[in-house]
Amino acid sequence: MADESAAKGPLPVVDWLKLPEGGEPYLEAHKCQACGAFYLGERSNCSKCFARGRMKPVRLANRGTLYAYSIVHRSFPGIETPYVSAIVDLEGGGTVKGNLIGIDPDPEKIRMGMPVEVVYKDALGRKDREGHSYISYFFQPRAH
Ligand SMILES: [Zn+2]
């Protein structure tokens, strides 16, 4: 039973990162149909306008702009520092926190509002007990 599938597909690090078979990964939010608020992860009631049962899953854009960031110098053992922890406003709605890569962790180089894209990569080369690797999302600067 355990060795049913020889090819172990990667697993998403969060349940709102979707890996459609044969398709491109994407982030999914739940959008309140009453007030337009976005939430990551499943929920049935809106904590902004208190509407019930008005949530609809939406695919988030892979482009956005940097809203805020901080350079992290200390983290858990095994996590390489420094790195840039960022908050990004995605085009069309949705605000997501993640790591900004492809840029020096240097405040001189990072601009608020800079255009970024969402990229999907293996997360830290870790595997679970069954040999699945993990896939995570990152932000990286884009030209425009
Ligand atoms: Zn709402």
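The values are calculated or read from the model by the stated rules, or taken from the named source; none is laboratory data. Keep in mind that this is a model prediction, so the values were computed, not measured. Cβ sites come from the backbone with ideal geometry, for glycine too, and all protein chains shown count toward neighbours. Note: areas computed on protein heavy atoms with side chains; ligands, DNA, RNA excluded. Shrake-Rupley method; radii C 1.70, N 1.55, O 1.52, S 1.80 Å.
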Exercise. Read phi for every residue in the stretch 100-106 and hand back ³J(HN,Hα) as whole Hz from Karplus 6.51 cos²θ - 1.76 cosθ + 1.60, θ = phi - 60°, with x for Gly and Pro.
Key: 8, 10, x, 8, 5, x, 9
Quiz item: Which of 107, 77, 20 moves most in a GNM of the chain, Cα contacts under 10 Å?
Solution: 77
Quiz item: Over the heavy atoms of residue 63, what accessible area does a 1.4 Å probe trace out, to the nearest 10 Å²?
Solution: 100 Å²
Practice problem: In a Gaussian network model over the chain where Cα atoms closer than 10 Å are linked, find which of 38, 76, 50 has the largest mean-square fluctuation. | Solution: 76
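Over the stretch 18-133, what relative contact order in percent results from Cα pairs under 8 Å that are six or more residues apart? Display every interim value, and only then the final one.
Numbers: 195 pairs, mean separation 22.9, N = 116.
Relative CO of the stretch 18-133 lands at 20 percent.
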Quiz item: Among all the lysines, which ones have a C-alpha under 25 Å from residue 121's C-alpha, if same-chain residues fewer than 8 places away are not counted?
Solution: 8, 18, 97, 109
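Let's test the formula: R0 of 22 Å, r as the Cβ-Cβ distance of residue 123 and residue 89. What FRET efficiency results, to the nearest 0.05? Please list the in-between numbers first.
On the way: r = 23 Å, r/R0 = 1.05.
Using R0 = 22 Å, I get an efficiency of 0.45.
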Quiz item: Under a 5 Å amide H to amide H cut-off, with H placed in plane at 1.01 Å, what residues pair with residue 99 once short-range neighbours are removed?
Solution: 86, 139
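Keeping every protein chain in place, order 56, 18, 97 by accessible area at 1.4 Å, biggest value first, i.e. largest first. Walk me through the intermediate numbers first.
Working: 56 105, 18 60, 97 125 Å².
So the residues, ranked largest to smallest area, are 97, 56, 18.
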Practice problem: Work out from phi, with θ = phi - 60° and the Karplus expression 6.51 cos²θ - 1.76 cosθ + 1.60, the ³J(HN,Hα) of each residue of the stretch 25-38, listed in order in whole Hz, and give x for Gly and Pro. | Solution: x, 7, 9, 10, 10, 10, 10, 6, 6, 8, 10, x, 5, 9
Practice problem: Could you list which residues have their amide H under 5 Å from that of residue 123, counting only those 5 or more apart in sequence or on another chain, with H placed in the peptide plane? | Solution: 134, 135, 136
Quiz item: Check residue 69: other-chain or 5+ apart residues with amide H under 5 Å from its amide H, H built from backbone geometry?
Solution: 87
Quiz prompt | Reference-scaled alpha-carbon Rg (2.2 N^0.38 Å with N residues) for the chain | solution = 1.18
